Structure formats: structure tokens, C-alpha cells
Amino acid sequence: MADAYLTALRMLARRELSEQQIRDRLTKREFDEADVAEAVARLRQDRSLDDRRVAGAMARLEILTRRHGRMRAERQMKAAGLAPDLIREALEATLADTDADELIAAAVARRLRHGQTIQDDAHFRRLYRYLIGQGFGSSQALAALKAHRTRREE
């Protein structure tokens with residue numbers, strides 16, 4: 001048990017991980033299931049492992065640092081094994097302090113560097129697919145691209 005616990009602590013010293021990520025990584029390292037369960041329980045008890053804290057950190061990383069949209073952030077958080085209620089709570093808290101229009105405008109600007117314009121419908125569709133892949137909603141992506149096109153035409 002001590003080895004699984006210490007191994008998990010070393011993992012957590014590098015970065016925040018969810019309970020599911022710790023379980024998966026310890027299992028992959030071939031620790032006994034009982035040792036993994038005991039290590040996770042001890043980590044929860046000493047508050048080294050807290051999925052609520054991880055959800056908040058992941059939401060801030062995905063939205064504020066990586067500048068992804070809500071849906072992509074949600075996918076990443078689900079992949080980390082976080083509970084849906086924690087995901088929703090963390091995303092709502094992060095997005096409450098974030099201007100969604102500014103976020104998607106920054107994504108469009110990243111893609112259209114040096115004052116580049118949307119050249120044709122095919123280019124518009126590529127940009128739309130890019131924004132959807134970044135986790136922005138369909139209507140949000142269309143509105144941002146149309147607004148960018150309108151601003152450039154003026």
C-alpha cells in the first residue's frame with residue numbers, strides 16, 4: 001500500500017489528477033487493486049486528491065489558458081473521469097468570469113493572422129469546422145464568423 005500511495009503522491013506533485021486518473025495510472029503500473037483503493041482513500045483523506053479542485057483547475061486551463069470552448073473543455077474533463085456535476089459546476093464558475101464573445105474572437109484571430117480575411121465560402125467552412133473542433137457551439141461559431149466577415153467588409 002505504501003508504494004502505491006507514494007507513487008500516487010509523486011504523480012500529484014507534478015500536476016493535478018482526478019481520482020480516476022490516479023486509479024488508472026496505478027493500475028497500469030500493476031499495483032494490486034486493494035492497494036490502489038487504499039492509496040486513493042488515504043489521498044482523499046489527507047486532501048491530496050480532490051476531484052472538485054481538479055475540475056476547477058481543468059476548467060481554467062482549458063478555457064482561460066488554452067482558450068477552448070465549453071464543449072471541448074467538457075470533453076477533456078469527462079476523459080479525466082470527473083463527475084458530470086463537478087464538470088458543470090467548474091465550467092459555470094469559470095465561464096461566469098469569461099467573455100464568451102472575446103474567447104471566440106480570439107480563436108478566429110489566431111486562425112486569421114496578419115489581418116487575413118475570410119476569402120471564400122470554402123475558407124468560411126474550414127474556419128467553422130475549426131471553431132467547432134475548439135469546442136464552440138454552432139450558432140456561436142456562425143455568429144463570430146459572420147461578424148468578422150462584416151467587420152472586414154466595412
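The values are calculated or read from the model by the stated rules, or taken from the named source; none is laboratory data. Since this is a predicted model, take the numbers as computed values, not measurements. Cβ sites come from the backbone with ideal geometry, for glycine too, and all protein chains shown count toward neighbours.
Listing for the model above:
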| read-out | value |
| --- | --- |
| Options Arg129, Arg88; residue that is basic (Lys, Arg) and under 13 Å from the mean Cα position of the chain (by Cα) | Arg88 |
| Residue tally, condition closer than 19 Å to Ala80 by Cα and either crowded, with 16+ Cβ neighbours inside 10 Å or within 26 Å of the chain's Cα centre (by Cα) (or both), over segment 22-40 | 11 |
| Index of the failed condition, Gln76 passing every other in (1) surrounded by fewer than 17 Cβ atoms within 10 Å (Cβ to Cβ); (2) modelled with pLDDT of 90 or more | (1) |
| Residue satisfying all of: in segment 79-107; under 17 Å from Leu64 (Cα atoms) and among the acidic types (Asp, Glu); surrounded by the most Cβ atoms within 10 Å (Cβ to Cβ) among these | Glu89 |
| Among residues of segment 108-148, those that are under 15 Å from Gly69 (Cα atoms) and either touching an Asp or Glu at 6+ places or on another chain (Cβ under 9 Å) or among the β-branched types (Val, Ile, Thr) (or both), counted | 6 |
| Matching helices (runs of 4 or more DSSP H) fully within segment 4-97 where at least 1 residues are farther than 30 Å from Arg111 by Cβ and without any contact (Cβ under 8 Å) to a residue 40 or more places away in the chain | 19-28, 33-45, 51-60, 84-96 |
| Count of residues meeting criterion [out of contact with any Leu (no Cβ under 6 Å at 6 or more places or on another chain) and among the small types (Gly, Ala, Ser)] in segment 9-60 | 7 |
| Scope segment 134-151; condition at negative phi, surrounded by 13 or more Cβ atoms within 10 Å (Cβ to Cβ) and not basic (Lys, Arg); matching residues | Gln134, Phe136, Gly137, Gln140, Ala141, Leu142, Ala143, Ala144, Leu145, Ala147, His148 |
| Members of segment 113-154 that are of a type outside the set (Phe, Trp, Tyr) and outside any helix (DSSP H, G or I) | Arg113, His114, Gly115, Gln116, Thr117, Ile118, Gln119, Asp120, Gln134, Gly135, Gly137, Glu154 |
| Hits in segment 121-131 (condition: surrounded by fewer than 17 Cβ atoms within 10 Å (Cβ to Cβ) and either closer than 11 Å to Ile104 by Cβ or touching a Lys or Arg at 6+ places or on another chain (Cβ under 7 Å) (or both)) | Tyr130 |
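Per-residue answers, yes or no, for (1) in contact with a Gly (Cβ under 8 Å, 6 or more places away or on another chain); (2) modelled with pLDDT under 95; (3) closer than 22 Å to Asp51 by Cα; (4) hydroxyl-bearing (Ser, Thr, Tyr):
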| position | (1), (2), (3), (4) |
| --- | --- |
| Ala80 | no, no, yes, no |
| Leu86 | no, no, yes, no |
| Leu103 | yes, yes, no, no |
| Val108 | no, yes, no, no |
| His114 | no, yes, no, no |
